[in-house]
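Participant: Pasting in a structure now, in C-alpha cells, and then I'll have a few things to ask.
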2 protein chains.
Amino acid sequence: MSNSPHSLYGAVEAGGTKFVCALGEPGGRLVAEASFATTTPDETLARVADFFVEARVRHGAVAAVGIGSFGPVHVRRGAPQYGRIARTPKPGWEGVDILGEISRGACAPAAIDTDVNVALLGEARHGAGAGCDDVVYVTVGTGIGAGLMANGRIVYGFAHPEVGHMHVPKLAEDAAFAGVCAFHGDRCIEGLASGPALRERWGTGAENLPPEHHGWTLQARYLAALCVNLLVTCAPRRIILGGGVMMQAHLFARVRMSLCELLNGYLDFAAYGIGLDELVVPARLGGRAGVVGALELARDFATAG
Amino acid sequence: MSNSPHSLYGAVEAGGTKFVCALGEPGGRLVAEASFATTTPDETLARVADFFVEARVRHGAVAAVGIGSFGPVHVRRGAPQYGRIARTPKPGWEGVDILGEISRGACAPAAIDTDVNVALLGEARHGAGAGCDDVVYVTVGTGIGAGLMANGRIVYGFAHPEVGHMHVPKLAEDAAFAGVCAFHGDRCIEGLASGPALRERWGTGAENLPPEHHGWTLQARYLAALCVNLLVTCAPRRIILGGGVMMQAHLFARVRMSLCELLNGYLDFAAYGIGLDELVVPARLGGRAGVVGALELARDFATAG
C-alpha cells in the first residue's frame, strides 16, 4: 500500500445532519473538500463516491479513507458487523454498510470509528491534546459522550464506552430536579448536565442562560465530578471539553475551581508538574477536529496495513 | 539479555507487612520461594539480596526481577524518582531506592510497579482475566484501589490512578453516614464502601457482618456504582474484585444484581456475548497474584530490552 510522504488520504465526517468529505495530508493541507446534507443512504453515499471519483481524477489515487461516523455504528475491527450502522431511528440508515460503500466509492481501503473517537484523534495529535498519550475528549451537548486515549491508543473495551452514563453524586440544592436520562434519570451525568438537562431544569437552552446564572455553578460542579472520576480512573494529561454547552467559555474556569473543591487536596497536580489550566481545556480544532482526525485514522490504517 | 524459554525470573512482592521473594518461569513453576516480615529497609532488602544470592548459586543467573511494591512508590519509568518509595508514614522507608537495591542484590535488571498493578498483571494473564485485553482489578479492603488494563497495557496516565476516590451517588437510606475518606468524606467509594467504612457504619468489621445483614445490600449497591462507572469509561471485559471485603462470596451475586438495577437496561450485555457472571468476577489467583504478576513484569521488562 502506498505510504510515501506525499500520499493523499481521504476523510469523511459522517454526521447525522451533514457529511463532510476531504482529501489531504494528515496534519497538513487539504486539497479538496465538500460538504452536503445527510439525506437517504443511497443519495448521501453516492455524493461521497462522486467526491472521491473527482478527487482521484484531479489528484491521483487515495491511499486510504478514514471515517468518523454518527452512531450507533459498529467500530470493533474484525467483528462481522464492523462498519455498519446499528439500530437507529434515522430512517433508512439502520444496517447500512457505510464503511464498505465509502471504500468501494473511493476505490481505497477505509477505516471507521465513532465521530467522538475521530475528533479525539484529531485533538490528541494536532489540537488541545498534542504531545500527550493519555487524553480524554468529552462532548457536552444533546448528549454527553467521550473518547478515551490511554498509552496513545483509543480505548474500546467490549463496546464503545459512553461516559455520559457515569453515575455522579447529586447536589443537595438540585434535589427537586428529576433528570432527563431515559435510563438513569438523575443518577448519571447525561441526566444532570447535558444540553436537554439544562433546558429542562431552567426552561431555556444553555445558549440563553446568562453567564451569571446560578445554573452554571451547578453545571460546573457536575462536570467537575465527571473530571474527578476520569482522573481517578485513568489520570489523563488532558481532559478536553467540547460540544455545544462548552461554547460558554466562562465554564472552564468554573469547572477547574469546582474540580479543586471536589478533590479537596487529593492529587497534588503541582508535584506532577501539571497546571489545572492545561488539564481541563477547551477543544482547539473546533469544527476541524473530525476531518483532521479522520485523516489520522486513514493514515494509521494504511501504515498498519 | 537472556531470553531463552528456560530463563528464570525473579519476583518480589514487597508488602507493608511481608515480603515474598520467588524465582521461576513466568506462568509456570517456581524453583525457589521465601517470605519474611517487613522490618527496616536495610534488614529487609538484605534478606532479598540473600535470597537471590542463594538462588543464583543453585539455579544460575536471573534474567530479570519484577517487583510489586506497597505504596506510594514512583512507578513511571524514566522519571528521576522511578523505583523509590514516596512520602510514607512507614518508618525509614521514605525515599528508599527499593528498585535499585533489589536490582543490585539480584545482579539483574529489575522493574517495579504498584502491588495492585502487579496483581492485575497476574490475574489478567493467568487468572480471572486470562484471554482479555481490557481488565480492571479492584481491591476492596483497608482502602479501595484498582489497576486498569486497556488494549493489553496497564494504564498509568500522569499518576497511578486511584479508583477508590471515584465519586458515586450516595444512597438515600445511607444519609446519616458521614463516610470515612479523609479527602472526600462520603462522596467517594472509599469513604462509603472500604473496610473501615463498613466498620464505622456498623460497628464491626466485614468479617463479622452476617450474610443476611442489610449492610451487604448497601455495599453491593456502592460497588455496583463503581462497576457502572468503570464500564462506561473503558468497557472492560472483566472487573475482578479482590481484597479482604470480597472474601464474602455472597457479595458477587448481589453486586451483579445491583449492577443490572443501576444500568436499568443500558448496555445490552447479551448483544456483546457477555454474561454478568463473567463480567464481575472474583480474583482467581488469591495470594499468588503478586508473585505470578511480578514474574510477568520481569519477563516483559527483559523482552522489551
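Only the coordinates and a few stated rules stand behind these numbers; no lab work does. As the structure is a computational prediction, the values presented were derived from the model and not from experiment. Neighbour counts run over all protein chains shown; Cβ positions are idealised from the backbone, glycine included.
Participant: Check the straight Cα-Cα distances from A:LYS170 and name the lysines below 25 Å, setting aside those fewer than 8 residues away within the same chain.
Facilitator: B:LYS170
Participant: Now, a different point. From other protein chains only, count the Cβ atoms within 10 Å of every residue's Cβ in B:163-174, then give the mean.
Facilitator: Numbers: counts 4, 2, 10, 10, 12, 7, 9, 2, 0, 0, 0, 0.
For this peptide, the per-residue mean of nearby foreign Cβ atoms is 5.
Participant: Given the DSSP H assignment, sum -39500 (n - 2.57) over each helix run of at least 4 residues in the protein assembly as shown and divide by its residue total; what's the result at 222 nm in deg cm²/dmol, nearest 500?
Facilitator: Details: 18 runs with 214 residues, N = 610.
Roughly -11000 deg cm²/dmol at 222 nm, from the helical runs in the protein assembly as shown.
Participant: Turning to a different aspect of this structure: Once the label point is placed 7 Å from Cα along Cβ, list for A:THR88 the distances to the corresponding points in the other copies, in nm, shortest first.
Facilitator: Reported distances to equivalent positions: 5.3 nm.
Participant: Where is the GNM fluctuation largest for chain A (alpha-carbon springs, 10 angstrom cutoff): A:GLY83, A:GLY152, A:GLY293?
Facilitator: A:GLY152
Participant: Moving to a separate point now. Among the GluC sites (Glu not before Pro) within region B:124-220, which fall in a DSSP loop and have no more than 13 other Cβ atoms within 10 Å of their own Cβ?
Facilitator: Values: sites: B:GLU162, B:GLU173, B:GLU190, B:GLU200, B:GLU207, B:GLU212; in loops: B:GLU162, B:GLU212.
When the GluC sites (Glu not before Pro) of region B:124-220 are filtered for loop state and at most 13 Cβ neighbours within 10 Å, B:GLU212 remain.
Participant: Compute the FRET efficiency between A:CYS107 and A:ARG58 as 1/(1 + (r/R0)^6), taking r as their Cβ-Cβ distance and R0 = 22 Å, and round to the nearest 0.05.
Facilitator: Details: r = 14 Å, r/R0 = 0.65.
E between A:CYS107 and A:ARG58, to the nearest 0.05, is 0.95.
Participant: For every other residue with a beta carbon closer than 15 angstrom to the beta carbon of B:HIS214, add +1 if it is Lys or Arg and -1 if Asp or Glu, then tell me the sum. Don't skip to the end; give the middle numbers.
Facilitator: On the way: positive: B:ARG201, B:ARG221, B:ARG254; negative: B:GLU173, B:ASP174, B:GLU212.
It works out to a net charge of 0.
Participant: Between region A:171-225 and region A:43-95, how many Å separate their Cα centres?
Facilitator: Centre-to-centre (Cα) distance: 35 Å.
Participant: Any idea what the B:ASN264 label distances to the other copies are, label 7 Å down the Cα→Cβ vector, nm, shortest first?
Facilitator: Label point to label point, same position, other copies: 2.7 nm.
Participant: Continuing with the same structure: Which of the listed residues, B:ALA283, B:GLN81, B:THR142, is farthest toward the dipole's positive end in chain B, when Lys, Arg count +1 and Asp, Glu count -1 at the beta-carbon?
Facilitator: With unit charges placed on the Cβ atoms, the residue in question is B:GLN81.
Participant: Defining a contact as two alpha carbons under 8 Å apart and six or more residues distant in sequence, what relative contact order in percent does chain A show?
Facilitator: On the way: 602 pairs, mean separation 67.6, N = 305.
Worked out over chain A, it gives 22 percent.
Participant: Mind checking the dipole of region A:128-284: about its Cα centre, +1 per Lys or Arg Cβ, -1 per Asp or Glu Cβ, Debye to the nearest 20?
Facilitator: On the way: 11 positive and 14 negative charges, 32 e Å.
That gives region A:128-284 a dipole magnitude of about 160 debye.
Participant: Next question, about the same structure. Defining a contact as two alpha carbons under 8 Å apart and six or more residues distant in sequence, what relative contact order in percent does region A:1-158 show? Write down the numbers at each step before the final one.
Facilitator: Working: 285 pairs, mean separation 28.3, N = 158.
So the answer I get is 18 percent.
Participant: How crowded by other chains is A:181-192, given as the mean number of beta carbons from other chains within 10 Å of each beta carbon?
Facilitator: The mean count of partner-chain Cβ atoms within 10 Å per residue comes to 3.
Participant: Which aspartates and glutamates have a Cα lying under 14 Å from the Cα of B:LYS90, excluding residues fewer than 8 positions away in the same chain?
Facilitator: Cα-Cα hits under 14 Å: B:ASP42.
Participant: Can you name the helices of chain B, as whole DSSP H runs, whose Cα span along the helix axis is 27 Å or more and whose Kyte-Doolittle mean is not below -0.5? All intermediate terms of the calculation are to be shown ahead of the outcome.
Facilitator: Working: long enough: B:215-234 (29 Å, 1.11).
What comes out of the filter, once short or polar helices are dropped, is B:215-234.
Participant: If you don't mind, there's one more thing I want to ask. Put a label point 7 Å from Cα along the Cβ direction on A:ALA34, then list its distances to the equivalent points in the other copies in nm, shortest first.
Facilitator: For A:ALA34, the inter-copy label distances come out at 7.5 nm.
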